[in-house]
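Please treat every number below as a calculation from the coordinates, not as lab data. Fair warning: this is a prediction, and the values are worked out from it, not measured in the lab. Methodologically, a virtual Cβ is constructed for each residue, glycine included, from the backbone with ideal geometry; neighbour enumeration extends over all protein chains shown.
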Amino acid sequence: MPASQKGLLNHLYERKQKLIYIVKRLAYTLECKSKSFRFIKLKSEVTTLKEKYELLCSLKVIEVEIAELARYAKEFDGCYDLLKSKLDDLCAFINRKENIVKWDQWSGLEEVQELSQQLRETSVNALCDVEKYQSIRAQQVGLPVGQYVSSLAQSVRDEYDNFGIHSESNVLFIGSGAFPTTALTIAKETGADVICLDIDQVAIELSRVVARKSGLENQITFLHGDIKAQHDFQTITHVFIASLVKDKHEVIEVLKEKVWDGTKVIVRFGNGLKSIFNYPFNDMITGNWLQHAVPPENSDSIYETLVLEKESKVLI
């Protein structure tokens, strides 16, 4: 074989070996990257699953703590302060960004929905118990203050400024409860007349005591019963529907036939993570209502707000 051909074959062989080496290195690099990607993906999946179980455990632990404290409080009323503190913790929980992220990721799971509904019923019942206790204590040591009460009072101040409530307004509050913070705040700070309506007779009687203790008994009227049984809506300018009212759509349907044009209906509710402490609300409203959502004034808001305004029917 001529030397020139032999040299060419050697050169081609060396090129072939280099190409084989490059291909092997490339395959090795791709394999390493694939393993790294699989590891990162697995790590991400593990982290995500961890957040799922953190959310489940948090919901379960909070529900058990509130339920047990509510039971203990019936045996020893000193536990009501502990229960109120735990409800304040729940208010903080629903506004933490990391909890909202977990909720957005996992709220569609049936087990998360079941736990959240159970927690909502437990927390709503516990809050009703706490409000009754606060009303009784108001007769003895003055009006209580906690994160829930102070946060709610601040939200009310923001609302009456935005909704045009003043001394000439007549406000109906549906689901006012035993410690009607909204009614007290509006009556005291705007001079408006307020009607409190609740289906719980005990809550109505206790809230009368709170109004009297606050010196507002001449501005606030208390009615026991269902909204369907009420008839005198001619002077009502604003209606509040509490976040703890479960059947909001049914109430709105009743109001549609009772309130006058221009009346504003302020619907409080809690969707998303806030639904573990408020009843949620689908804002698909039928009928002659103008509506707009109200953005919260601060990040610590414990509920959401939708405003409906009765619109005049156009006759053609």
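So which aspartates and glutamates can K102 reach, going by Cα to Cα under 19 Å and dropping same-chain residues fewer than 8 places off?
Output for K102: E45, E51, E54, E63, D89, E110, E111, E114, D300.
Can you classify region 147-310 as rounded, prolate or oblate using the Cα gyration tensor, where a ≥ b ≥ c are the square roots of its eigenvalues, rounded means a/c under 1.5, and otherwise it's prolate if a/b beats b/c and oblate if not?
Details: a/c = 1.33, a/b = 1.12, b/c = 1.19.
Rounded.
Could you grab the relative contact order for region 147-310? Cα pairs under 8 Å, six or more apart, rounded to a whole percent. Please list the in-between numbers first.
Details: 303 pairs, mean separation 32.8, N = 164.
The normalised contact order for region 147-310 reaches 20 percent.
Which of the listed residues, Q219, T263, T181, is farthest toward the dipole's positive end in region 160-275, when Lys, Arg count +1 and Asp, Glu count -1 at the beta-carbon?
Ranked along the dipole, the leading option is T181.
Over 23 Å between Cα atoms: which of K86/K188; K188/K213; K86/K132 fall into that group?
Result: K86/K188 exceed 23 Å.
Under the Karplus relation 6.51 cos²θ - 1.76 cosθ + 1.60, θ = phi - 60°, what is the ordered set of whole-Hz ³J(HN,Hα) values for region 169-182, x standing for Gly and Pro?
Those phi angles translate into 7, 10, 10, 10, 10, 9, x, 6, x, 7, 10, x, 4, 4 Hz.
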